[in-house]
């Protein structure tokens, strides 16, 4: 599995609109066969900061996700809401894994 954390710093005036757009994208993303999990989390001590936790079943799934209409709508909708460009960090799942470790 591939796990991607997308870090987003949202303009304070756009918090509710960002959450609405992100919830819609997350709900629709969960219908994609290549996505195992899709979380939207908000930082407690800095409520304008979010992390999208995207868990993909394989290395090809992120590219397929970016081809979907709902992702493209999210990307274009939230771009002007960001206080700075979003960043991402990729992780490889090591536990649990297929061998049980």
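Readers should treat all values here as calculations from the given coordinates under stated rules, not as data from a laboratory. The model shown is predicted, which means the values in this text are computed figures rather than measured ones. Here the Cβ positions follow ideal geometry from the backbone for every residue, glycine too, while neighbour counts run over all protein chains shown.
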Report summary line: Between the Cα axis of helix 69-78 and the main Cα principal axis of the chain, the angle (0 to 90°, nearest 10) is 40
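Below 8 Å, C-alpha to C-alpha, sequence gap of six or more: please give me the relative contact order for segment 2-92 in percent.
Details: 144 pairs, mean separation 43.1, N = 91.
Once normalised by length, the contact order is 47 percent.
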Query - Likely footprinting exposure, 92, 68, fewest C-beta neighbours within 10 Å first - result: 92, 68
Requested in this report: For helix 15-29, report the angle its Cα long axis makes with the longest principal axis of the Cα atoms of the chain; keep it between 0 and 90° and round to the nearest 10°.
Outcome: 30
Query raised in the report: Under the Kirkwood approximation applied to all pairs of distinct alpha-carbon atoms, what is the hydrodynamic radius of the chain in Å?
Result: 14.1
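Can you compute the helix-only [θ] at 222 nm over the chain? Use -39500 (n - 2.57) per DSSP H run of at least 4 residues, normalise by all residues, nearest 500 deg cm²/dmol.
Details: 3 runs with 31 residues, N = 101.
Computed ellipticity for the chain at 222 nm equals -9000 deg cm²/dmol.
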**Report entry** Alpha-carbon centroid distance for the pair segment 32-101 / segment 1-20, whole angstrom
**Finding:** 10
